Amino acid sequence: MKDTNPAKPVLLTLRDIHIEGRSEETWSPIIKGVDLTLHKGEVLGLIGESGAGKSTLGLAAMGFTRDGCRISGGTIDFDGIDLRAATEAQRRGLRGKRIAYVAQSAAASFNPAHKLIDQYSEAPVQHGVMSRAEAERDAVELYRRMRLPNPEEIGFRYPHQVSGGQLQRAMTAMAMACRPDLIIFDEPTTALDVTTQIEVLAAIRDIVAQFDTAAIYITHDLAVVAQMADRIKVLLRGDEVEEADTRTMLAAPKEDYTKTLWAVRSYARPVQPPVAKGTTPVVSVRNVTAGYGAADILKDISFDIHKRRTVAVVGESGSGKSTAARVITGLLPPRRGAILFDGAPLPADYRQRSRDQLRQAQMIYQMADTALNPKLRLRELIGRPAQMYLGLNGKALTDRIRDLLHLIELEPDKFIDRLPSELSGGQKQRIGIARALAAEPKFIICDEVTSALDQLVAEGILKLLDRLQSEFDLAYMFITHDLATVRSIADEVVVMQNGKVVEKGPKLEMFEPPHDPYTELLLSSVPEMDPDWLTKLLRERAAKAGKG
Amino acid sequence: MTILINLFWIAVAIAVALGAGWLFRAATIALTRGATARMLRTAPLTAGFGMLVILIYVVVALFAPLIAPYAEREVVGAQFLPWDATHLLGTDNLGRDMLTRLIYGARNTVGIAFATTALAFTMGSILGLLAATVGGWLDQILSRIVDILMAIPSLIFSLLLLTIFGTSVTTLILVIATIDSTRVFRLARSVALNIVVMDYIEAARLRGEGLWRLITREILPNALAPLVAEFGLRFCFVFLAISALSFLGVGIQPPTADWGSMVRENAALITFGDVTPLLPAGAIALLTVAVNFVVDWMLHRASGLKE
């Protein structure tokens, strides 16, 4: 099933495709002459960093471009039809019927005002493939194949009444409605937790194989693409780097860029000696219970964070990781329990904390886009905490800002008067770090700081954080759902589920058995580069379930 | 045939207006540099024309005594004289020079409208941003007061207030500014509500920033684009409201020249098919259109920047 079969007929051919995007007054190239061939029933993985042009190329395979983009050269041939020469009506006839698209965020792509099954029926009824009643029967059948719970009934729910993973599967089922020849998956599992991702990946893989559908699978996650694709194409800034059979590519990448992609998770922080007994932790969370309204989100959680140590707090969304951070910062006063800082209790509400207490604990946010005021220049963004807490002004302040920019490896002369919109994603996150450092804190909360970044960029951020920690004796609380990040940066791990701490301890112990059952599930769900990983894992889980 | 000729003249007028807009834009681009010039290059011709018209009004309003051929209240001839060389636009119902009255009217009407809008904006945005930032009971009290004020039709409410407090220019400005600040309050509050949930506001609060700094440095710069656009629209509404009140006789009082009351005073001429009484109305319409051209462009820019 996984081997490329050259005997199969060619379904889609893109030749020397050029795509341009409009910015201000000029057209700049996004895709610079890429070729792509896809056989019937074959899955092609498109990988690359953000901005590499993966989604643009994927959409071009449908003869479609986003607003402000245009295909400026090349040919697109889909099963003998020239998509560039075809009229809009002809293309519309193909879309949904013979070519379908699954978007990254199913939650944003479903119309919230209609039931799932109504949206399922739209395409087949529109294209005259099935009647409404047939479409509904067919929907139940596909929902069953996608292993959705209650397939007879789930279609009659509204999008907000089902979970994210279920919604993504419902969307894949919807794309399958007309049994298309080609489906384009645009990062379908990026927004999901690892444990949910497994189910969606398995369901997608099975259904594509069952109907012998060809697919283009776009992702930036190498381990995921290894499970899904027969062939992999690597893109970099709109150019093809290389393309090969999945196993060949994983075993022996030819190009240097591909090799760096493969090696990206090699970074690991040296193991730190255990903290001496009796040392006062910098931050100590003691029996905290907290929540919004009547519900408790956190239930009696306790953990300590020591100087020069990184504690990773892991768990899926909704497990209470971020709520724990809000309690520590004082945004959400706890119902019971206390936060100790250097052994002394902190006021529960941040408004009651002294300026010095506020200075000591800083926070770095997940989305640098919303964490930096878009109208302020870097000089003010970074300089403000230094000015406020340390009373720096004039030349001393400018010098301090320049030092901070040096620390985060940005050229001060070039960057000091820029606005956040003039920075890349990774640079913005570095400014977030500089802003936290400007306060000269003892403790920094990093809330999913790398999850919005590409792997190479994320690696740079992790290295920087690590270096700063030893330079300034910082204590980190690292909130993440990505276990690869935990492996590379954490000293200790706290695993959370449903607002409780299910397991905590040094990193090495956490990655060795025996585990708490939930930790086990979490650890085993992280995709690995081995192309047989998903098959093996599903077989193991099935065997275990059979025994139990 | 006459319809065709009329259409021809309308087309000529539009072409001349756009040509003037183009010339004005080219001139300002040549005179400025850097970011301002780059910004002006994005201006459509309509916006160029709008800016030109606004500039002319401002110059006329500022230098009225130098430009006007006669004094504001001077009776210079017989009543309702037709257009001729000495009185370019004729005279009004008391024999005052129409052109002079029009020029002084720009000063009074536009000046008062600007002062009123500025005051309405200062009050409305400060309170609106404050309500959104502090929230809780302060937001409740301010919002309910605004709801009550907005429940009363604004023209009737201003007529009522002006009757109670008397019709001086100061009370006129205060009354209209108060009523209009409620609309600004609602806009500022709703814009700010979307901003205060951002992470950078949370970061600023956790940093221990005071309320004033939070509003002026963190929230206001991000709320400015929609507020500026609203300023233009609001200016037109205030302008029309003042003219309407003057027309009804409770606005700017004679003998001060004002476009609204000028229409009423000379309304008798309309019966004879003379366009003179409609000139002040035309002046109002032209400024309103010009301001809206500029506002449209700014709105477009503001929404484009958000992408």
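The values are calculated or read from the model by the stated rules, or taken from the named source; none is laboratory data. Since the model is a prediction, treat every value here as computed from it, not as a measurement. So basically every Cβ, Gly included, is an ideal-geometry build from the backbone, and we count neighbours across all protein chains shown. What goes into the accessible areas is simple: the full protein's heavy atoms, side chains included, and nothing from ligands, DNA or RNA. Shrake-Rupley method; radii C 1.70, N 1.55, O 1.52, S 1.80 Å.
Values computed for the structure shown
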| item | result |
| --- | --- |
| Shielding by partners, peptide A:367-377 (average Cβ within 10 angstrom, other chains) | 5 |
| Furthest towards positive pole of dipole, B:T2, B:I219, B:L81, structure part chain B, Cβ charges | B:I219 |
| Relative contact order %, region A:386-536, counting alpha carbon pairs below 8 Å whose residues are six or more apart | 14 percent |
| Whole-Å semi-axes of the ellipsoid equivalent to region B:195-307 (Cα gyration tensor, √5λ, descending) | 45, 17, 7 |
| Cβ-derived FRET efficiency at R0 60 Å, A:T190 paired with B:L174, nearest 0.05 | 0.60 |
| Ratio of Rg to Rh over region A:196-354 (Cα coordinates, Kirkwood Rh, two decimals) | 1.16 |
| Whole-percent pair-distance distribution, where bins are 10 Å wide, for the alpha carbons of region A:111-182 | 22, 59, 19, 0 |
| Cut-off under 5 Å, modelled amide H: who pairs with A:G33 long-range | A:I17, A:H18, A:I19 |
| B:Y200, A:Y292, A:Y101, reordered so the largest accessible area comes first (probe 1.4 Å) | A:Y292, A:Y101, B:Y200 |
| 34 Å tail of the calculated P(r), chain B, as % of Cα pairs | 35 percent |
| Neighbouring partner chain Cβ atoms per residue of A:328-337, average, 10 Å criterion | 1 |
| Orientation-averaged projected area, Cα convex hull of the protein assembly as shown (nm²) | 46.9 nm² |
| Dipole of the protein assembly as shown [Lys/Arg +1, Asp/Glu -1 at C-beta], most positive-end residue of A:S424, A:A361, B:C236 | A:A361 |
| MRE, 222 nm, helices only [DSSP H, n ≥ 4, -39500 (n - 2.57), over the protein assembly as shown, to nearest 500] | -16000 deg cm²/dmol |
| Rg over Rh, two decimals, region B:152-245 (C-alpha only, Kirkwood Rh) | 1.13 |
| Dipole magnitude of region B:14-100, debye to nearest 20 (Cβ charges: Lys/Arg +1, Asp/Glu -1, about Cα centre) | 700 debye |
| Local electrostatic count, B:A267, Cβ distance below 14 Å [Lys/Arg +1, Asp/Glu -1] | -2 |
| Counted charge near A:D304, where neighbours are those whose Cβ lies closer than 13 Å (Asp, Glu -1; Lys, Arg +1) | +2 |
| Convex hull of Cα atoms in region A:359-435, direction-averaged projection (nm²) | 4.8 nm² |
| Lys/Arg +1, Asp/Glu -1 at C-beta; chain B dipole; positive extreme among B:T133, B:G95, B:V294 | B:T133 |
| Calculated on alpha-carbon atoms, Rg and Dmax of region A:298-452 in Å | 16.4, 49 |
| Around A:I207: net Lys/Arg minus Asp/Glu count, Cβ-Cβ under 10 Å | +3 |
| Taking chain B and dividing mean pair separation by its residue count, relative contact order in percent (alpha carbons under 8 Å, at least six apart) | 21 percent |
| For region A:283-295, Karplus couplings with θ = phi - 60° (6.51, -1.76, 1.60), whole Hz, Gly/Pro x | 10, 10, 9, 10, 6, 7, 10, 8, x, 10, x, 8, 7 |
| Mean separation of Cα contacts under 8 Å, 6 or more apart, over the residue count of chain A: relative contact order % | 15 percent |
